[in-house]
Amino acid sequence: MSPGRRARVGLILCTLAVCGTAALVQRWRETRPVFTRPAELYDVVLAQMAAFREADYPRAYRTVSNGVQEKLSVEIYADFARHDHTELRRAVRIEFGPIHTEGRRALVPAYFIMAEGEIIPCAYSLVREEEGWKIDGVHVHPRWPANHQLPGSRL
């Protein structure tokens, strides 16, 4: 094999090795456990709700993931927030359940306590992006009656 050909083969093998290593490192970064303070996740939900209450939909839009932003324009998102989250905006307080994180994803249970004592449970799906944690989805569950005991321990 000529020296020029050997150099080209060596260069190709080095390039493949670098690409393979980069792929492995990226996979490891996506799946490694990341310590997340629960308050980081709660703050994202609270920031979105504060923006909803102030009818600041562009600010609320910044709390959602890039994936949601690719699917919905800010105008469509604002319409959704105005119509689908009206009751949640009237909550007098929000309590959070135990979070579950797996890599760059987190599930945060939130309980919206209404003035009459009724509870609207929600499950927030969050994803960690370059800018920090973002809301990737919300599932609003049926309302619970006023005398319903929230899960967890009371001290």
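The values are calculated or read from the model by the stated rules, or taken from the named source; none is laboratory data. This is a predicted model, so every value here is computed, not measured. In this analysis, Cβ positions are derived from the backbone assuming ideal geometry, glycine residues included, and neighbour counts consider all displayed protein chains.
For the reader, a short list of remarks on this structure follows.
Residues checked against (1) out of contact with any Ser or Thr (no Cβ under 8 Å at 6 or more places or on another chain); (2) assigned to a strand (DSSP E or B):
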| site | (1), (2) |
| --- | --- |
| Phe112 | yes, yes |
| Gly117 | yes, no |
| Pro121 | yes, yes |
| Lys134 | no, yes |
| Gly137 | no, yes |
| His148 | yes, no |
| Pro151 | yes, no |
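- Residue within segment 11-28 that is modelled with pLDDT under 95, outside any loop (DSSP other than H, G, I, E, B) and surrounded by 11 or more Cβ atoms within 10 Å (Cβ to Cβ) present: no
- For Glu40, the criteria (1) closer than 23 Å to Arg143 by Cβ; (2) surrounded by 14 or more Cβ atoms within 10 Å (Cβ to Cβ); (3) touching a Gly at 6+ places or on another chain (Cβ under 9 Å) hold in every case but one, which is (1).
- Scanning segment 107-155 for residues that are under 21 Å from Arg62 (Cβ atoms), in contact (Cβ under 8 Å) with a residue 24 or more places away in the chain and not β-branched (Val, Ile, Thr) turns up Ala110, Cys122, Tyr124, Leu126, Arg128, Glu129, Gly132, Trp133, Lys134, Asp136, Gly137.
- Among the residues of segment 85-100, those identified as in contact with a strand residue (DSSP E or B) (Cβ under 8 Å, 6 or more places away or on another chain) and either free of Cβ contacts under 8 Å to residues at least 12 places away in the same chain or part of a strand (DSSP E or B) (or both) are Arg93, Ile94, Glu95, Phe96, His100.
- Selection status of Ile135, more than 30 Å from Glu70 (Cβ to Cβ), surrounded by 14 or more Cβ atoms within 10 Å (Cβ to Cβ) and at pLDDT 95 or above: no
- Check on Ala106, over 12 Å from the mean Cα position of the chain (by Cα) and among the aliphatic types (A, V, I, L, M): no
- Out of Arg53, Arg82, Arg62, Arg37, one residue alone is within 29 Å of Ile119 (Cα to Cα), touching a Lys or Arg at 6+ places or on another chain (Cβ under 6 Å) and not hydrophobic (A, V, I, L, M, F, W, C). It is Arg53.
- Residue in segment 102-113 that is surrounded by fewer than 12 Cβ atoms within 10 Å (Cβ to Cβ), closer than 17 Å to Arg37 by Cβ and in the same structural domain as Gln69 (by TED's automatic domain parsing) present: yes
- Qualifying residue in segment 62-77 (condition: buried (at least 16 other Cβ atoms within 10 Å of the Cβ) and part of a strand (DSSP E or B)): yes
- When Val45 is tested against (1) exposed (fewer than 14 other Cβ atoms within 10 Å of the Cβ); (2) at pLDDT 95 or above, only condition (1) is not met.
- Residue within segment 38-59 that is over 18 Å from Lys134 (Cα atoms), in the same structural domain as Glu131 (by TED's automatic domain parsing), among the basic types (Lys, Arg) and part of a helix (DSSP H, G or I) present: yes
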